[in-house]
Each structure stands twice: as structure tokens, then as C-alpha cells.
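The values are calculated or read from the model by the stated rules, or taken from the named source; none is laboratory data. What you see is a predicted model; the values in this text were computed from it and never measured. Cβ placement follows ideal geometry from the backbone for every residue including glycine, while neighbour counts extend to all protein chains displayed.
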Amino acid sequence: MNQAMQAIHDQIIAAQKAGDHLKVYELADAALKLTPDDEFLQYHSVLALAKCDATQRALDSFYHYKLYLSKSEDVLALEARILKNLAFASHDRDSLRKAADSYRKMFSQSGGYYRAINAATLYLLSGNQELAVVLAQAALDLARQEGKDIFYGMATQAAALLLLGRHSDAKQVIEAVAILEGDNLQRRALTRQRLKLICDFQHVDAGILDSLLPETVVYYCGHIFDPHRPISLQQEYELAQRIESVITEHKAAIAYGSLAAGADILFAEAFLNRGGELNIWLPFRQSDFLQIAVRPAGEQWLNRFNACLARANSVSYATESNYMGDDALFEYCADVSMGMSIMRANSLNARILQVAIWDEGASGPSSGTRLNVNKWRNLNKPAEVISCSSPVRAARHLPGGDTQTHREPYAILFADARGYSKLCDRDVLWYFNVLNPYLAKSIEKFRPDIQLIDTWGDGIYIITKKASVAARIAFELNEALAHIDQSMLDLQEPLLLRIALHYGPVFSLYDYFEQKQTYSSNEVSKTARIEPVTPPGEIFGTDAFVAILELEGDRCATYEYAGTLPSAKNYGSFRMFHIRPELKSEIFPSA
């Protein structure tokens, strides 16, 4: 047993280093059934929930396991971290003060500038200016002495100087941090986010943080070159020079788009040569994409495609299915790429820009580039159009599709109830006679927007046109279950929903057994395999889902990246996000 448990411990550490927080949770949760008093397992189970943004469940588990009695500083620090996250989510002064008290207690016991500056910031936001100043000075003194991590030490100094009102000194340190973290856009963005809380509260001009602002995130699109009328080498050179000029002028650092022969590859080459982070999205299986959108322009474009692919930061597929003559997949891929670029810019507080390589006069109303430009314009986001000379044309995608192979993008929801299989017959009656109608009533207002709803046992399968509708349904289901009395059930743990959300191309089909219309595709199967690995009580969505949420512009949800997570039955691993309702709170008032 000891060797087996050590192996589990090693797997947990490996999964944690890989950022696979759901796997950490699953391993720890399963092992706790064998050794429920193992503090290592308890700690990592709670930490995984916190990192998946399941903050309230993490705090409940922390207290359930009585980890506040631990003698480990790391374990005790977890409570303060969770309380801080809850406080920032709720903007509630009492929650901020409790989190501040927790950090102050740890600082008085163990010291450390990290604990001091967290306590100082939380006291400031909860209204205790006097304690905030005392702890900020302590944090500043310690950060100048301790040289273990230059970045965290300097970031702490910047926060402390802002808290102490020494804005000129803070500006110098902030600029030094920006230089130190020049290539780490995520750390710069996170540092700015935390310092801006102090600036906003003290009514300090946030321009003091401008050096931390990341460079521009770009969504690029453009024509596939016409293989029958190839542009000359001189025309290609001139077009590449104009692309490089736009990249330089806007200080573009991150880009999202596809990799078809022509405009896409020209942009990708110029961007990679400038040292940018290129994130490629292909609309369907790569072998099909090469045949449809690369090879027709000439074999030389295939070599350039492979060279860009090898240097890209990431390569993703809107769907890994076949093309099947379905041109709608190109538009779906463009939508996901657009949403991903907007999402990334928002997470970094960066500027966003569309770069379209477009011959407006030569493209028809259904041209992919025209559709992409118009969608972007409707979002009122900045764009640069690089006009093309007349030999550049949008190539038709061959072979043409038909109604039998046409797929439309839909939001897909799968849910089930953890604990349902353990219900006795009496409790099964309660589920269908009490809970089932209660859950159904909670989503009644969404019926006009639901294309399909199906259930079997505790399983719920819903198809909607809009991602925001699926997200709102998920929130309502979770909220309804949280408020119903389960005390009469013969269960050690309450029923909790596991909800998975995805957005992808789906066939509308006829089910001859049930004699009704249904929806199915590989993307539906994918969602069904994600749902079983979602932590009970939580809602997880794919990157495609949150990308479309961004594109729809409905601010109903927030989300946090949860890592690349394996799905059930070895179906594959996918980038997943923890999704929760948007809190309509205002920034902490200073009064």
C-alpha cells in the first residue's frame, strides 16, 4: 500500500507541474477514499479546486479536512489564498478583511514580504488605511533585503510604494519590472492587474502602469491566392513589406489566424520573422486542409506551410473531423480564431487589431474575408486593411458540399448528477418527481432558444444556437440544484451537477427510433467525454466555447484557464476553462 500511495503522490506532483489541475483533483479525490486522513492528498485536492477557480468548494473542503490545524506553512497559506480569491470575486469588505487577517496572522508567525504585501493590499481595500501603511512599509523593507526572486521582490516594492503614496519611486520600479519581464506577457499583465487595484482605490492615474501594458494581439485573415492567376514575386515582396510595416507600427506580439496559401502564410512568415507568438487555427483535419487550401496554389506553398507550422507557438483545430465539402467550417474556424484573439487581448489588457489582406472590390458578398471584416467592424474593434492587387482572388473551396454533409455550429451542453447511481429506489422517485421538474422549471425561459433537449436517467443533453444561452442554462441548473433540500436522501455527499460546454459544427439528423429530429457529430461526442471529468458542482467549457462567448459579446460569464485536460475513455486532451456567472459588482469604493 505504501508503494502504491507513493506512486499516486508522484503522479500528483507530475500533474501539478504540468498544470493539469483536474488530474490532480481526480487523483487526490480517488486516493482519499483509501486514506482519508492523508494531509498531502487533502492539500492537493483543495489546491486543485482553487486553481480550477472552484473557490467556494475549495474553502469548504479546506475546513472539512480541518487543514487550519496543520503545522505546515504551505497548507495554512492555502486558506489565505482562497479567502483572497473569494474577496476579489465578491468585492465584499468583510471578506477582504478576513483575508487580510489571515495573511497578517501568517506574517506575524513566519514573516515574508509576500504575506505582508497581500495583507497590506487587502486591508487597504477593506478600508483599514492605518494597518495597510504599516504592513506596506514592512513589505518594502523585506523585499529590499530578500533577494531570492528578483521579479516578486520588485513587484512587491512597486505595490508597497504605491500604497505608501510614493508614486514617483513606484513608477521607476514599475518600469524596471516591465523591462525585467519583457518577454513574459502574462506576468506583466497579472502584475498590472494587481497594481491597478491599488491605483483605482487611491484614485491614482493608471497611466503609471503603462510600461506593463503588453503589445498588440492580432487576428489576421485574407485571401487564398488564385492558383490560376498567381501573383508575381515582385507583388508578393511588396505585399510582404506592407504586412511587416503594419506589424512593426502596431508592435504586434501575438497573432491568431489560419494558414491557407496566400495571405495567411505571407502574414505568418512576416510575423514569425519578427519573433512574434503565432497561434494557428485550422478549420478541419490537416490532410484535407492541405488539399483544399494549400496545394492548389502550388507545391512551394506546401513547403512554406510546413515551415510556419513547425515554428508556431500552437496549432489547433476548430474540428478534427473531415472537410466533406462543407465550406461552413471555414467560417466557424474564423469565428473561433477571432474569439481567441479577443480573449487573449482581454486577459493581457492588451490592444487588439484585425489585419485583413483584402481586395474589397474583387470579393463577392459571401467571400470569407469580407465576412470576417464585417464581423470585426460590427464589434467596433480597430482594423488595418492591406489592399491587394487584382490578381489576388478568394479561391473557391473544392469539392463543393451538399445538404447531406452540411454542419452548423451550435453550443452543446452535457450534464449529469454526481451520486445519482447510488440513489435507492425511494430516492430515484424523489429525483424524478421533485428534482427533475424543479430543474426543468429553472430553464423554462430558455425554451424558445433551445434546438434540442434530451435526457436519460440523470443525463441532460442540450443544443442551443448561442454559446451565451448554453452558459446561462448551465448557471440556472447549478443554482437550482444548490437551493433544493437534499437532506432526505440516503447519500453521504449531496448530488452535484457536472456540466461540460462546447461549441462546434453539428449535423441536424433524423432519429428513426424516436422518430424525431436530433443533432449529432464528433463535437457532440467530444462534449460527452468532457463532462465525466468535470469536477462535481462546476462548469467547464472548451476554448472554442469561450472564444464564441467573446465573439457574441454577452457578458454573462467569466472564465479561468484550467489546463489541458484528458477526457473520459481516452477520447483526447483539450484546453479547458472553468466558467462561472459574471458578478455585477463595482470596484471597491474608497469611502
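Annotations for the structure displayed:
- Residue that is over 22 Å from residue 25 (Cα atoms) and assigned to a helix (DSSP H, G or I), where the choices are 545, 507: 545
- Residue that is touching a strand residue (DSSP E or B) at 6+ places or on another chain (Cβ under 8 Å) and crowded, with 20+ Cβ neighbours inside 10 Å, where the choices are 185, 162, 142, 124: 185
- Residue in region 504-522 that is among the polar types (S, T, N, Q), surrounded by fewer than 23 Cβ atoms within 10 Å (Cβ to Cβ) and farther than 30 Å from residue 326 by Cα present: no
- Scope region 254-265; condition touching a Gly at 6+ places or on another chain (Cβ under 8 Å) and over 18 Å from residue 288 (Cα atoms); matching residues: 254, 255, 263
- Per-region count, region 290-301, residues crowded, with 23+ Cβ neighbours inside 10 Å and either within 12 Å of residue 319 (Cα to Cα) or in contact with a strand residue (DSSP E or B) (Cβ under 7 Å, 6 or more places away or on another chain) (or both): 1
- Selection status of residue 172, surrounded by fewer than 16 Cβ atoms within 10 Å (Cβ to Cβ) and under 19 Å from residue 84 (Cβ atoms): no
- Residue 486 being surrounded by 15 or more Cβ atoms within 10 Å (Cβ to Cβ), polar (S, T, N, Q) and more than 25 Å from the chain's Cα centre (by Cα): yes
- Residue match in region 443-464 (condition: modelled with pLDDT of 95 or more, acidic (Asp, Glu) and either crowded, with 20+ Cβ neighbours inside 10 Å or under 20 Å from residue 546 (Cβ atoms) (or both)): yes
- The helices (runs of 4 or more DSSP H) found entirely in region 236-313 that carry 2 or more residues being polar (S, T, N, Q) are 286-293, 299-311.
- Residue within region 524-533 that is surrounded by fewer than 18 Cβ atoms within 10 Å (Cβ to Cβ) and either over 25 Å from the mean Cα position of the chain (by Cα) or assigned to a helix (DSSP H, G or I) (or both) present: yes
- Criterion: in the same structural domain as residue 552 (by TED's automatic domain parsing), among the hydrophobic types (A, V, I, L, M, F, W, C), touching a residue at least 24 places away in the same chain (Cβ under 8 Å) and out of contact with any strand residue (DSSP E or B) (no Cβ under 6 Å at 6 or more places or on another chain) - qualifying residue of 469, 506: 469
- Residue count for region 239-263 satisfying the condition of being over 22 Å from residue 370 (Cα atoms), out of contact with any helix residue (DSSP H, G or I) (no Cβ under 8 Å at 6 or more places or on another chain) and not small (Gly, Ala, Ser): 5.
- Some residue of region 228-248 being surrounded by 14 or more Cβ atoms within 10 Å (Cβ to Cβ), basic (Lys, Arg) and closer than 30 Å to residue 337 by Cβ: yes
- Near pairs, Cβ below 7 angstrom, 6+ apart or cross-chain, from region 165-180 (without any contact (Cβ under 8 Å) to a residue 24 or more places away in the chain) to any residue that is buried (at least 16 other Cβ atoms within 10 Å of the Cβ): 169/161; 173/154; 173/157; 173/158; 173/161; 176/154
- Failed condition for residue 157, given (1) crowded, with 19+ Cβ neighbours inside 10 Å; (2) free of Cβ contacts under 8 Å to residues at least 24 places away in the same chain; (3) in the same structural domain as residue 335 (by TED's automatic domain parsing): (3)
- Tally of residues being in contact with an Asp or Glu (Cβ under 6 Å, 6 or more places away or on another chain) and either without any contact (Cβ under 8 Å) to a residue 12 or more places away in the chain or within 18 Å of residue 256 (Cβ to Cβ) (or both) across region 517-550: 0
- Selected residue (criterion: modelled with the lowest pLDDT) from residues of region 1-51 that are part of a loop (DSSP other than H, G, I, E, B) and surrounded by fewer than 17 Cβ atoms within 10 Å (Cβ to Cβ): 1
- Each residue in region 142-174 was checked for being of a type outside the set (Val, Ile, Thr) and closer than 21 Å to residue 202 by Cβ, and 19 pass.
- In region 517-540, the residue that is nearest to residue 574 (Cα to Cα) out of those that are among the β-branched types (Val, Ile, Thr) and in contact with a helix residue (DSSP H, G or I) (Cβ under 6 Å, 6 or more places away or on another chain) is 533.
- Tally, over region 306-355, of residues that are aromatic (Phe, Trp, Tyr) and over 22 Å from the mean Cα position of the chain (by Cα): 2
- Scanning region 37-92 for residues being under 20 Å from residue 540 (Cα atoms) and in the same structural domain as residue 193 (by TED's automatic domain parsing) gives a total of 4.
- Whichever residue in region 316-364 is assigned to a helix (DSSP H, G or I) and either hydroxyl-bearing (Ser, Thr, Tyr) or assigned by TED's automatic domain parsing to the domain that holds residue 549 (or both) and, among such residues, is surrounded by the most Cβ atoms within 10 Å (Cβ to Cβ): 341
- Any hit, region 133-151, residues being farther than 21 Å from residue 99 by Cβ, out of contact with any Ser or Thr (no Cβ under 9 Å at 6 or more places or on another chain), touching a residue at least 40 places away in the same chain (Cβ under 8 Å) and not β-branched (Val, Ile, Thr): no
- Residue 123 aromatic (Phe, Trp, Tyr), modelled with pLDDT under 90 and either more than 20 Å from residue 12 (Cα to Cα) or assigned by TED's automatic domain parsing to the domain that holds residue 202 (or both): no
- Out of 83, 96, sole residue that is crowded, with 21+ Cβ neighbours inside 10 Å and touching a residue at least 60 places away in the same chain (Cβ under 8 Å): 96
- Extreme residue, nearest to residue 29 (Cα to Cα), among residues of region 52-70 that are surrounded by 15 or more Cβ atoms within 10 Å (Cβ to Cβ) and of a type in the set (A, V, I, L, M): 58
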